[in-house]
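What follows is a single structure, written as structure tokens, with notes after it.
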Amino acid sequence: MRRLFLAAAAILAVCCSSKEALTRKAEADYAIPIRKGEPYWNVYAKKFTYAPAFGFEKVEGAAEYRYTVRQNGSEVASFKSSTPNDDLGRIWKLIPPGKTTLTVTALNSRGDSLSLAGTREFVRDFPFRGDFEGPAKSYRQTALDACRFIHNMPSTRHWQESELPDMSYPFNSYVCKIVGATVRIECLVAREIPELHDEAMKAALGAGRYMASLAQPEGSPLAGWPPTYGEVPEDGDTYVSKVQAGNGAKMMVLEASVAGEAFLDLFDATGDSLWLERSLAVARTYARIQYEDGSWPIRVNLATGESLSHFRLWPAHALKYLRRFESQYGIKEFEQTRLKAEKYITEVALPRFDLSGMFEDSMWDDFPSYMNLTNFTASPYAAYLLTAEKPSKLDVSNAYDLIRLSEDQFVHWDKFDGVNAFPPYVCEQYFYEEPIDSSIADVCDGYLSLYEYNGDKLAQKSSG
């Protein structure tokens, strides 16, 4: 039930017993840049909560560089540095939230201007303050209320009497992602709300059997995997149907882990080993299609298993799923698969720090690196690292960077005039700058994992 608690905690702000101390701590943290230096991950970033550093080139003959920050045409702060790509940490707290322009001017040895080394426009976003109101109800009750709402949706109740989806709810087209999540929610309802146990298990089993009926057969390239897409929505002009029309024969590799976890939840709820075997089949395909370097493709052809993109997966959810076999059931079969993937992320993906989106409606190959960053890849992997049995110092350092990036680029602690949102809120990706509930939960999961790891009070309050 942890994830639902996180989602509830993200929506409700918390009281802070030491508001001033936490505000000062946050202010000090914001002066420290995230991954300063090459590669410059922030080339397409529009807003910053942490002091940025930009990759401006050196100017021949320059003795030093003058950094000037302006808002509304007036100078706010300035300093000089020996390099054109210094960070703004020393003046960051002097810059109020708002639209900001930075210019970096090359100076000769006499202090005269030579030329412009670089300029950048961005939003200096609001910092965390530590003075949010307390929750209207307990986090557990909020989570249970959310469970009841999902349980009572007509499209969810439909599964109690059918092993076919109610396609008046178009998102049932997403087999692994939505039908799998429905199984997981209903198993949770059955466990946590006794009076709904029988209804919830009927729905969970109906949805689970539907997924199982669509699983790729033994011996096929993606054996055991239900597809990303299933039935076409009744309204053929929905957004979902349009996405499906362009992607129906494709499989999102990450989403098979949702089905795998759903099968494990059904095994836990029923004790029926058939569900465990179905989940093992999903996990074994992950092991079989893993590349030698430890990575996975993002998207493949459902029938052939052929990769459809040169980009590689950020596999936080898949690795959490594979680790569950070890931690919960003592099954070590996938340990080496998991370790190979962790090695790839640590040695290849994290140094690049390209947290680009992996959404089925995004054409990643058409865009350069860093153009569509997202917390969907960053914060869940931070949580995965921090919840390991013994995280290494490097793991913890990487987790900090991923959590800070998620806040820096996607968390908004307050809103500017004209923004229709209730702060604090979290956006999903550069290409879709809207408050998204699952992004709130993902970012909170990272904060809470950090707090559980080392007792960081600021992380605890941020997760609320």
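Odds and ends about this structure:
- Test set (1) open to solvent by 10 Å² or more (accessible area, probe 1.4 Å); (2) assigned to a helix (DSSP H, G or I) - Cys444 fails condition number: (1)
- Number of positions in the stretch 228-251 that are open to solvent by less than 10 Å² (accessible area, probe 1.4 Å) and at pLDDT 85 or above: 2
- Considering the stretch 331-348, and only residues there that are within 25 Å of Asn42 (Cα to Cα) and touching a Leu at 6+ places or on another chain (Cβ under 9 Å), the residue that is surrounded by the fewest Cβ atoms within 10 Å (Cβ to Cβ) turns out to be Thr346.
- Of all the criteria given as (1) open to solvent by 60 Å² or more (accessible area, probe 1.4 Å); (2) within 22 Å of Glu234 (Cα to Cα), the one not satisfied by Ser138 is (2).
- Which listed residue, of Pro380, Pro351, is open to solvent by 60 Å² or more (accessible area, probe 1.4 Å) and assigned to a helix (DSSP H, G or I): Pro351
- Yes/no for Leu385 being open to solvent by 60 Å² or more (accessible area, probe 1.4 Å), within 20 Å of Thr346 (Cβ to Cβ) and in a helix (DSSP H, G or I): no
- Within the stretch 26-46, the set of residues being crowded, with 19+ Cβ neighbours inside 10 Å and either small (Gly, Ala, Ser) or closer than 24 Å to Gly130 by Cα (or both) comprises Ala26, Tyr30, Pro33, Ile34, Ala45.
- Selection count where residues are open to solvent by less than 20 Å² (accessible area, probe 1.4 Å) and within 20 Å of Ala256 (Cβ to Cβ), scope the stretch 193-219: 6
- Phe128 assigned to a strand (DSSP E or B) and either under 29 Å from the mean Cα position of the chain (by Cα) or free of Cβ contacts under 8 Å to residues at least 60 places away in the same chain (or both): no
- Annotation for the stretch 170-192: at least one member residue is more than 23 Å from the chain's Cα centre (by Cα), surrounded by fewer than 19 Cβ atoms within 10 Å (Cβ to Cβ) and more than 21 Å from Val240 (Cβ to Cβ).
- Exactly one residue out of Tyr291, Tyr286 is among the aromatic types (Phe, Trp, Tyr) and either in a helix (DSSP H, G or I) or open to solvent by less than 50 Å² (accessible area, probe 1.4 Å) (or both), and it is Tyr286.
- Here Leu274 qualifies as among the hydrophobic types (A, V, I, L, M, F, W, C), touching a helix residue (DSSP H, G or I) at 6+ places or on another chain (Cβ under 9 Å), open to solvent by 40 Å² or more (accessible area, probe 1.4 Å) and farther than 15 Å from Met251 by Cα.
- Considering residues of the stretch 80-96 that are part of a loop (DSSP other than H, G, I, E, B) and open to solvent by 50 Å² or more (accessible area, probe 1.4 Å) only, the residue farthest from Tyr65 (Cα to Cα): Pro96
- Test: Arg70 is closer than 24 Å to Gly111 by Cα, open to solvent by less than 80 Å² (accessible area, probe 1.4 Å), free of Cβ contacts under 8 Å to residues at least 60 places away in the same chain and of a type in the set (Lys, Arg): no
- Screening Ser449, Ser406, Ser397 for residues that are under 23 Å from Lys99 (Cβ atoms), modelled with pLDDT of 90 or more and of a type in the set (S, T, N, Q) leaves exactly one candidate, Ser406.
- Residues that are assigned to a loop (DSSP other than H, G, I, E, B), in contact (Cβ under 8 Å) with a residue 40 or more places away in the chain and either surrounded by fewer than 22 Cβ atoms within 10 Å (Cβ to Cβ) or touching a Lys or Arg at 6+ places or on another chain (Cβ under 7 Å) (or both), drawn from the stretch 307-330: Leu308, Ser309, His310, Phe311
- Restricting the stretch 107-124 to residues that are part of a loop (DSSP other than H, G, I, E, B) and within 12 Å of Gly61 (Cβ to Cβ), the residue that is least open to solvent (accessible area, probe 1.4 Å): Asn108
The values are calculated or read from the model by the stated rules, or taken from the named source; none is laboratory data. What you see is a predicted model; the values in this text were computed from it and never measured. Quick reminder, even Gly has a Cβ in these numbers, built from the backbone with ideal geometry, and neighbours come from all protein chains shown. The accessibility values were calculated without ligands, DNA or RNA, using every heavy atom of the protein model including side chains. Shrake-Rupley method; radii C 1.70, N 1.55, O 1.52, S 1.80 Å.
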